[in-house]
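Contents: one structure, followed by commentary.
The values are calculated or read from the model by the stated rules, or taken from the named source; none is laboratory data. As the structure is a computational prediction, the values presented were derived from the model and not from experiment. All Cβ positions, glycine included, derive from the backbone under ideal geometry; neighbour counts span all protein chains shown.
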Amino acid sequence: MLVMILDSHFHSLTMAQKNVQFSLLGVIGIDIGTVPYDILKRKPLIGNHPLVYSSQGAGPWCLDSGEAGEILKEIEDSIEKYGGSFLGEVGLDYHWKYGTKETQRKLFESQIGIASRYSLPVIIHSRDADEDMIDILSSNDFPSSGIMHSFSSSPKLMEKALEKGLYISFSGNVTYKGNDKIRESAKLCPPERILYETDSPYLAPIPVRGNPSTPECTEYTSSFLASLRCEEVDAFRKKAIGNFLTLLSHSKGGEGYIHPSGDVQRAKV
């Protein structure tokens with residue numbers, strides 16, 4: 001029997017561009033968009049895997065090459081034309097100082113609005129921006145839920161995200177030495193809201209750190225998380241897959257949305 005591998009966040013296009021060998025056989029999860037229209041290049045990579053869902057979104061890095069208003073027009077046009085089951089990844093990244101804090105917030109909050117209009121869960125990127133992220137989460141609603149991806153912050157931010165109905169996804173960096181605050185959050189995350197991911201090809205977990213990450217690497221991250229939480233590994237993985245399916249049920253899609261199978265239909269839930 002095929003073992004199902006959960007990977008709630010990976011980048012097929014980046015892996016392909018970096019010549020990373022990867023397989024999506026048995027994977028259930030989300031192939032993540034980062035810029036408008038990249039779904040056109042990603043679709044051929046995921047099209048034969050009906051349990052792999054697609055997202056579209058414009059992250060803060062887009063501000064290095066465009067204005068927020070134009071980026072927002074492009075991402076909404078891309079969603080209208082090519083669909084998807086999630087909106088993301090979007091958010092704040094003050095580590096690399098893309099654009100300004102004001103333009104990052106505009107780009108992020110406007111896409112939260114787009115997600116609400118299209119009934120899409122939001123995939124959220126947050127780096128070195130905890131206070132502004134808490135403020136934005138507090139000021140917005142997420143009727144179709146969403147994911148705080150590759151969670152790398154303190155329990156304070158996690159508590160706000162949980163309060164807003166979001167899921168918390170942990171990646172390979174939870175295994176790294178010195179990331180005690182991430183591990184503390186992972187221990188405290190309610191079992192019905194926890195997910196795990198690779199962020200492939202980035203953040204490969206120990207013991208494969210230093211190599212490109214692929215969806216199979218969730219074997220190490222999920223085992224680490226189960227041990228950290230004093231849970232049995234298979235039961236933990238089964239629960240996380242159930243959490244993902246529950247989240248997926250919030251994605252309503254719409255007529256004309258293209259499912260990763262290639263069929264034009266409502267987003268599969």
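Looking at Ile124, Ile168, Ile134, can you tell me which residue is more than 15 Å from the chain's Cα centre (by Cα) and among the β-branched types (Val, Ile, Thr)? Only one candidate qualifies: Ile134. Check the stretch 62-76 and report whether any residue there is free of Cβ contacts under 8 Å to residues at least 40 places away in the same chain, of a type outside the set (Gly, Ala, Ser) and not in a helix (DSSP H, G or I). Within the stretch 62-76, one or more residues are free of Cβ contacts under 8 Å to residues at least 40 places away in the same chain, of a type outside the set (Gly, Ala, Ser) and not in a helix (DSSP H, G or I). When Gly178 is tested against (1) out of contact with any helix residue (DSSP H, G or I) (no Cβ under 7 Å at 6 or more places or on another chain); (2) under 30 Å from Lys81 (Cβ atoms); (3) among the small types (Gly, Ala, Ser), only condition (2) is not met. Only helices (runs of 4 or more DSSP H) whose full extent lies in the stretch 115-232 are considered here, and none of them has at least 3 residues that are among the aromatic types (Phe, Trp, Tyr), over 23 Å from Glu89 (Cα atoms) and modelled with pLDDT under 95. For the stretch 100-143, a tally of residues being crowded, with 21+ Cβ neighbours inside 10 Å and among the small types (Gly, Ala, Ser) returns 3. All of (1) closer than 19 Å to Ser145 by Cβ; (2) surrounded by fewer than 18 Cβ atoms within 10 Å (Cβ to Cβ); (3) at pLDDT below 95; (4) not charged (D, E, K, R) hold for Gln265 with one exception: (1). Within the stretch 1-29, the set of residues being among the hydrophobic types (A, V, I, L, M, F, W, C), within 21 Å of Asn211 (Cα to Cα) and touching an Asp or Glu at 6+ places or on another chain (Cβ under 9 Å) comprises Ile5, Leu6, Phe10, Leu13, Phe22, Leu24, Val27.
Looking only at residues of the stretch 85-99 that are on the phi > 0 side of the Ramachandran plot and touching a residue at least 12 places away in the same chain (Cβ under 8 Å), we find that the one that is surrounded by the most Cβ atoms within 10 Å (Cβ to Cβ) is Gly88. Of the residues that sit in the stretch 176-224 and are more than 27 Å from His49 (Cα to Cα) and of a type in the set (Val, Ile, Thr), which one is surrounded by the fewest Cβ atoms within 10 Å (Cβ to Cβ)? Only one residue tops the list, namely Ile206.
Taking the stretch 50-74 as the range and being touching a Phe, Trp or Tyr at 6+ places or on another chain (Cβ under 8 Å) and hydroxyl-bearing (Ser, Thr, Tyr) as the test, the residues that pass are Tyr53, Ser54, Ser55.
Let's see how each residue does on (1) of a type in the set (A, V, I, L, M, F, W, C); (2) within 18 Å of Ile147 (Cα to Cα):
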{"position": "Ile194", "(1), (2)": "yes, yes"}
{"position": "Glu197", "(1), (2)": "no, yes"}
{"position": "Ser200", "(1), (2)": "no, yes"}
{"position": "Ile206", "(1), (2)": "yes, no"}
{"position": "Asn211", "(1), (2)": "no, no"}
{"position": "Ser223", "(1), (2)": "no, no"}
{"position": "Ala226", "(1), (2)": "yes, no"}
{"position": "Ala235", "(1), (2)": "yes, no"}
